[in-house]
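No lab work stands behind these numbers, since they all come straight from the coordinates. Here the structure is a predicted model, which means the values were calculated and not measured. Using ideal geometry, Cβ is built from the backbone for each residue, glycine included, and neighbour counts are taken over all protein chains shown.
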Amino acid sequence: MQTFQRIWRYLQQHRLASLVLGHVCVLLVLATLFFGSGLGSSILGAFAQSHCASGDQAYVVKSGDTLSKIASRYGTSSQTLATYNHISNPSLIYVNETVCIPGKAVTHGPAKGTRNPFPYAQCTWWADQRYYQLHGIYVPWTTQSNAMQWTARAAQFSWHVSSQPSPGAIIVLQPWVQGAYGLGHVAVVERVLANKHVVASNMDWGAHPTQVVDVQFKPGSGVMFISY
């Protein structure tokens, strides 16, 4: 309260400062209203960029945008953007909302990991270990890597992200999808069935979390597949 009173007294005593501040505010509002696709977007974009991680691109949502359209424009998936931006409902975005587009962690093809850094018996440990057994490649991400974040991390490291299953791919389930818990779940596709459902090998699933179990999942909302 005292801070507000000091600012108010200052503006009263310095009429020029208050006038300039008022004009700047009016110009910003007018720029946003009348130059939404030009100057206004540039102004909003400049502010928005500060909310995204270094190397990311900031996109300010315009009228008529959908997350799918934005994802297509930047060569990624709507699920990747939803996960990366913590958007709980990918079908619901708002005008002037900032969407951070993950920057590429590498510039010359997908990256490879050198070891399995995940805790033993976690679903992330098994997915990384099994993928290495099948392909001789570890995932390269070691931070920001709860199961639900693997789709976004894969896109950052230039791995292939798809809604379509393939044998040997890592399946990523978002929280509470098909039995996954609050941090999501990852497993490795062992077989793709005729109905496009998959049989995936898992750890940290069911009554015996330290055992490897096969579970059947189906493609759909909240499910993506990643591969090198």
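Annotation: extensible slack from residue 114 through residue 221 equals 35.4 nm (criterion: 0.36 nm per residue apart, minus Cα-Cα distance). The residue 176 and residue 133 beta-carbon pair, evaluated with R₀ = 25 Å, returns a calculated FRET efficiency of approximately 0.30. Among 155-162, 174-181, the peptide with the highest mean count of other Cβ atoms within 10 Å heads the list, and the full ranking is 155-162, 174-181. Take the Cα of residue 91, step 7 Å toward its Cβ, do the same at residue 146, and the gap between the two points is 2.5 nm.
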